[in-house]
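> Encoded as structure tokens, here's the structure I'll be asking about.
The values are calculated or read from the model by the stated rules, or taken from the named source; none is laboratory data. Just so it is clear, the model here is predicted, and its values are computed rather than measured. Neighbour counts run over all protein chains shown; Cβ positions are idealised from the backbone, glycine included. Keep in mind that these areas ignore ligands, DNA and RNA; they rest on the heavy atoms of the full protein, side chains included. Shrake-Rupley method; radii C 1.70, N 1.55, O 1.52, S 1.80 Å.
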Amino acid sequence: MIKQLLTIAFLLMPAFVSAADKQVKANDKNISFVGRTETLADGSVRYDWIGTYMKTRFTGGRIGIVVSETGTSYYNVIIDGKVTKKIMITGTEPQTIMLAEKLPKGEHELMLQKCTEGEYGCTTVHSVVVDKSATLSAVEPKARLIEAYGDSYTCGYGTEGLAANERFKLETENCNKAYICIIARYFDADYRLIAHSGNGMVRNWGDEKQKSDICMSTRYTQIYDQFATTPYDYSQRRPDIVTINLGTNDFSPTAIPEAKNYVEAYIKMIETISNRYDNVPILCITPHSSNEYLRAAIQLLKESTANRYANVHFASLMNDIINEDVDLGSDWHPNYQGQTKIAMTLIPQISKIMHWNIRGER
């Protein structure tokens, strides 16, 4: 399957804009991006956070993009709500990639979703390419927005891996099969992911020091994950709920940090998000793989925030929900089924906090 995806990706690259096509700048009002992005002076849009996605509606039988990439990124191409393929984008020079061709007549909707992380590549979308007679129209934002801060579990690291002992490959990472995207689809919500594999609140996986120089506490206020340290403008659309799922890497082997340092950094994140987003509800998630040190630190966090933050909530523990023989992908990370179990555990808790209805049988 992976070989087939790679073959498709290479066949798609590069294509060329013909005289029968027209280009529309990426910052056009009929093209929207959900996630942290920067609009450049020439009308291009640049970003690197995983899960960032572009949307537009279009007429005509084909649509493509003119794009450049600092490294390598994989994208899900979603046409009319269905994932049609996963493509690889690489190359620092602008190139044209056709995303869909020979579509039936009528209006269609494109969603182009970055499903790999910023450390592997930063993407610049220069323009959208459509038939000369085609029209573009805006896709209205969904009524709900979830913002998620996390690590590899939130990124969907290895969700497409076939076994726990299979080593990670970039093409097996897919945030669309991770719990936040599953939850967002369930509640018909938009989402923003601020996540980086191996990062912790204060310490990254296996760091020999108790405090890492760069971690989620240094990244989460940036426009970019890895490309630059430019501060993020929090006046952008306010989310309805924020989730935080960090700690597995903090308490990974070797130099485990003191719980108080983890808690202090966590509270600073809570306060920053709460202040920037006008007391937004925040759900603190204990990872499904939490060890005793992390659980003790989360308990200290609960005690330290009790009666101080009315909108801070703590998810129930879920340490026993994963079956190692069928629920794990690459490097012992949850596969799509394992991620679905995590999502199904969190959905009723989000429903309670937000009063969002649970869908019944149809």
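> Quote the FRET efficiency, to the nearest 0.05, computed for LYS25 versus ASN279 with a Förster distance R0 of 41 Å and r equal to the Cβ-Cβ distance.
Efficiency for this residue pair is about 0.65.
> Once the principal axes of the Cα atoms of region 227-280 are found, what is the range along each, listed largest first in whole angstroms?
Result for region 227-280: principal-axis Cα extents of 39, 28, 15 Å.
> Turning to a different aspect of this structure: Give me the angle, in degrees from 0 to 90, between the Cα long axis of helix 259-276 and the longest principal axis of the Cα atoms of the chain, rounded to the nearest 10.
50
> In addition: Tell me, what is a quarter of the convex hull surface for the C-alpha atoms of the chain, in nm² with one decimal?
18.5
> Moving to a separate point now. So how do GLU173, GLU140 rank on accessible area, 1.4 Å probe, biggest first, that is with the largest at the start?
I get GLU140, GLU173, largest accessible area first.
> Angle between the Cα long axis of helix 292-305 and the longest principal axis of the chain, 0 to 90 degrees, nearest 10?
Helix 292-305 and the main axis of the chain meet at about 90 degrees.
> If I model a spin label as a point 7 Å beyond the Cα along the Cα-Cβ vector, how far apart are those points for GLU119 and LYS260 in nm?
3.0
> Something else: When the helix-only estimate is applied to the chain (DSSP H runs of n ≥ 4, each -39,500 (n - 2.57), divided by the residue count), what is the mean residue ellipticity at 222 nm, nearest 500 deg cm²/dmol?
About -6500 deg cm²/dmol.
> Taking the Cα centroid of region 119-180 and of region 45-85, what is the distance between the two, rounded to the nearest whole Å?
So the two Cα centres are separated by 9 Å.
> Rounded to the nearest 20 debye, what is the charge dipole size of region 204-362 about its Cα centre when +1 sits on each Lys and Arg Cβ and -1 on each Asp and Glu Cβ?
660
> Would you report the distance distribution of C-alpha pairs in region 131-217 as whole percents per 5 angstrom bin, up to the bin with the largest distance?
Pair shares across the bins are 3, 13, 16, 16, 16, 14, 10, 6, 3, 2, 1, 0.
> What's the FRET efficiency of ALA163 with SER289 using the Cβ-Cβ distance as r and R₀ = 22 Å, to the nearest 0.05?
Efficiency computed from Cβ-Cβ geometry: 0.80.
> With the crude spin-label approximation of a point 7 Å out along Cα→Cβ, what separation in nm comes out for ILE353 versus ALA143?
2.0
> Given an 8 Å cut-off on Cα distances and at least 6 residues of separation, report the relative contact order of the chain as a percent.
In percent, rounded to a whole number, it is 17.
> Give me the one-decimal nm value for the distance between modelled label points at SER133 and GLU303, 7 Å along each residue's Cα-to-Cβ direction.
Those two pseudo-labels are separated by 7.2 nm.
> Of all DSSP beta bridges located in the chain, what percent are antiparallel, nearest 5?
75
> Carbon-plus-sulfur fraction of the accessible area of the chain, 1.4 Å probe, in percent?
51
> Treat every Asp and Glu Cβ in region 136-240 as -1 and every Lys and Arg Cβ as +1, leave all other atoms uncharged, and give the resulting dipole magnitude about the Cα centre to the nearest 20 debye.
Roughly 160 debye for region 136-240.
> To continue, here is another question. I'd like the orientation of helix 336-354 relative to the chain: the angle between its Cα long axis and the longest Cα principal axis, in ° from 0 to 90, rounded to 10.
The answer is roughly 70 degrees.
> Going from most exposed to least, what order do SER289, SER330 have by accessible area with a 1.4 Å probe?
My answer, sorted largest first, is SER289, SER330.
> Mind checking the full-extension length gain between LYS209 and ASN319? Use 0.36 nm per residue of separation minus the Cα-Cα distance, one decimal, nm.
36.9 nm
> Suppose R0 equals 56 Å; then what is the FRET efficiency for THR230 and VAL326 from their Cβ-Cβ distance, rounded to the nearest 0.05?
Computed FRET efficiency for THR230 and VAL326 comes out at 0.85.
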